[in-house]
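Let me begin by presenting the structure, written as structure tokens, before commenting on it.
The values are calculated or read from the model by the stated rules, or taken from the named source; none is laboratory data. Every value quoted in this text rests on a predicted model; they were computed, and no experiment measured them. Cβ placement follows ideal geometry from the backbone for every residue including glycine, while neighbour counts extend to all protein chains displayed.
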Amino acid sequence: MLLLSNPTIRQDIHQQFLIDIDVLLLHAEIADLMQIEMTELDAQILFFSQRNYQNQFTRSTMNLQILAEADAESILEDIGGWMAGNENLTTEELVPQLQDYSLSVEDIESWIAQAKHQKYKIFAQIP
């Protein structure tokens with residue numbers, strides 16, 4: 001997973017194995033987020049709700065390094081906006097887990113606190 005945090009290596013893997021770069025990044029960032037007390041569904045929702053804020057150089061969207069510096073209220077607003085803009089995803093036929101999905105500022109603040117204290121960050125900045 002550590003290798004996938006490097007955009008150059010992701011490009012090499014993409015070329016060698018013909019695996020989509022965005023799929024590699026998605027799985028690396030979700031795995032990074034799941035190191036703290038976050039479910040896979042929470043990590044996916046957080047990832048997809050933050051795609052508008054993608055780093056143009058690394059293409060990173062959301063990971064523990066970014067989450068540690070994030071604002072809980074802004075993230076909650078982004079998730080609410082993303083879910084409102086994707087209401088078709090919440091139908092019972094497509095994604096039943098989203099039907100009753102709820103998240104609070106306290107939940108996100110807990111993630112941020114855990115991200116700040118997480119020793120191993122896949123996408124940590126190189127000193």
Worksheet item: How do the pairs read when you match residues in segment 59-79 that are of a type in the set (S, T, N, Q) with residues anywhere that are surrounded by fewer than 17 Cβ atoms within 10 Å (Cβ to Cβ), using Cβ under 6 Å and keeping only pairs 6 or more apart or on different chains?
Response: T61/R51; T61/Q54; Q65/A124
Response to the item:
When segment 16-52 is checked residue by residue, the ones that are of a type in the set (D, E) and either part of a helix (DSSP H, G or I) or buried (at least 17 other Cβ atoms within 10 Å of the Cβ) (or both) are D22, E29, D32, E40, D42
Worksheet item: Condition test on I13, is it modelled with pLDDT of 90 or more, of a type outside the set (D, E), more than 12 Å from the chain's Cα centre (by Cα) and part of a loop (DSSP other than H, G, I, E, B)?
Response: no
Response to the item:
In segment 65-79, anything closer than 10 Å to K116 by Cα, assigned to a helix (DSSP H, G or I) and not hydrophobic (A, V, I, L, M, F, W, C) is listed as Q65
